[in-house]
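What follows is a short report on a single structure.
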Amino acid sequence: MCPARELRDREAQNRLHRFEMLAGTERDRRPKGDPLHAVKEYSRPAAGKDSTHSSDLRPPAVLLKTVCYLIDDIAASPSQHPWTEIYGFVFDRLRGVKQDMIIQRVSGLNCVAILEPTVRFLIYASYRLCGEPLRLYDPRINETHLQENLSWLLDCYATGEGPYPNQEEFQALGLLYNLGSTRAAQHIMELPERLRSTPTIRLALSINQAFLERNPVRLLRLAQRLSFLQGCALHRHLVTCRRDLLLIFSHAYSSRNCRFPLDRLAQLLSLDMSLTAQLCQAYGVDVNQDNQVVFSKAAFTEYEQGKLHCKLYHSLVAEKQRDLTIGNIVHGCA
C-alpha cells in the first residue's frame, strides 16, 4: 500500500505514523516501517515534481484494498484511539488514494467501488467529529473533500454503464447533505423516473421540500424515518431547522397569557425535555417552573457564538446507530 522508496524516505526522516511502525520498534530513535501496514501519504503537487512514476502508482485493485484496510483495520478498530487521530490518518491516506486515481484516470466500476466507502466515511466523520477543536478537525476541509468525492461518484453513475446497486443510497445522501441546494435538487429531478420514484429518494425529496418551505415540524417528523447514515448527512441542518421552529412559534404563540407544554415542544424538536429547555434558553425563549414555554416574538434572540453546541443535540441521529459498527456504516451494511 506504500511504495518502497517512500517508506525508506519516511523512515530516514522519522515521518512514520504510529499506525505504520513495525511492532517492537516504536520506542527506537528511528522506528522502522511495517511494509504490511504503511500507507502512501498524500503528497501536495509541486512545480517541476514528477509524480507519475509507475512504481509509485497503485493500481485500482490495490487502491480498493487500501481503502478497505483503512476502514476495517484503522477506523473501525476498537483498540485504536483517539478517533480524531484515526480520522487525521485515514483522511490523509484517502487523499493519497484519490491522487493516484486522478493520475491514472480510474473510472467505471473500480472508481465507484473506491468512492462509495470514501463518501460514507466522510459523512460519518462530519457527524462523529462535530464540535471538535479546529486543530483536530476542520469541518470545512472535510466538506470540501466530501463534496468533491460525492460529485465524482454521481458523475460516475451518470456516465457509466453500471449496474450500480448503491446509486439510490448516494443520490439521496447527496440531497440530504445539500438541503436547499438548487443544483442538488435539479440533479435529482433529471434522474430516470424508476430511480426518482424509489422510497429513499422520495423521502429525501420530501425533506428537501419541507426545508425549502421552512416547515421544521414536518422536516423533523420525516427525519425520524431516515437511516443512521442519512441522519449523519442531515444533521448539519438540524440547528437551523430547530431555530426556525422556535422562531415561528415565538411569533405564532406570542401572547402574554399563552403557555405551550414543554414536553410537547420536546416531542416536536425530537429532543428530551432538559435539552429542549437549554435550547429555548439559548434563543431567549422563557420556560417557567411548571415546564411551560412562554413564547414572545420580542424576546427571541439569536444565540451567542459558542453558546450552542450542536453535538449536545445529536439525539435524533445517535439513537439510530444502535449496534452499528463503523465497519457496517462505511461498507453500507446497515
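The values are calculated or read from the model by the stated rules, or taken from the named source; none is laboratory data. Being a predicted model, the structure only gives us computed values, none of them experimental. No Cβ is skipped: glycine too gets one built from the backbone with ideal geometry, and neighbour counts run over all protein chains shown. When the accessible area is computed, the model is the full protein with side chains, heavy atoms only, and any ligands, DNA or RNA have been set aside. Shrake-Rupley method; radii C 1.70, N 1.55, O 1.52, S 1.80 Å.
Answer with yes or no whether residue 200 is under 21 Å from the mean Cα position of the chain (by Cα), without any contact (Cβ under 8 Å) to a residue 40 or more places away in the chain, assigned to a helix (DSSP H, G or I) and more than 19 Å from residue 127 (Cα to Cα). Spelling it out, residue 200 is indeed under 21 Å from the mean Cα position of the chain (by Cα), without any contact (Cβ under 8 Å) to a residue 40 or more places away in the chain, assigned to a helix (DSSP H, G or I) and more than 19 Å from residue 127 (Cα to Cα). Selection of region 9-48 for residues being in contact with a strand residue (DSSP E or B) (Cβ under 8 Å, 6 or more places away or on another chain), open to solvent by 60 Å² or more (accessible area, probe 1.4 Å) and either on the phi > 0 side of the Ramachandran plot or among the basic types (Lys, Arg) (or both) yields only 32. Applying the condition of being open to solvent by less than 50 Å² (accessible area, probe 1.4 Å) and not hydrophobic (A, V, I, L, M, F, W, C) to region 275-305 and asking which residue is nearest to residue 124 (Cα to Cα) yields 276. Of the residues examined, residue 236 is not one that is buried (at least 16 other Cβ atoms within 10 Å of the Cβ), touching a residue at least 40 places away in the same chain (Cβ under 8 Å), out of contact with any helix residue (DSSP H, G or I) (no Cβ under 8 Å at 6 or more places or on another chain) and within 30 Å of residue 173 (Cα to Cα). In region 173-192, the residues that are touching a residue at least 60 places away in the same chain (Cβ under 8 Å) never reach a residue that is open to solvent by 60 Å² or more (accessible area, probe 1.4 Å) with C-beta atoms less than 8 angstrom apart, at least six apart or across chains. Of the residues 250, 270, the single one that is surrounded by 18 or more Cβ atoms within 10 Å (Cβ to Cβ), without any contact (Cβ under 8 Å) to a residue 60 or more places away in the chain, touching a Leu at 6+ places or on another chain (Cβ under 8 Å) and polar (S, T, N, Q) is 270.
The set of residues from region 105-127 being surrounded by fewer than 17 Cβ atoms within 10 Å (Cβ to Cβ) and in a helix (DSSP H, G or I) comprises 108, 109.
Taking each residue of region 15-31 that is under 19 Å from residue 79 (Cα atoms) and looking for partners that are surrounded by 15 or more Cβ atoms within 10 Å (Cβ to Cβ) and of a type in the set (A, V, I, L, M, F, W, C) with beta-carbon atoms closer than 7 Å, six or more apart or interchain, yields 17/89; 19/74; 19/89; 20/38; 20/39.
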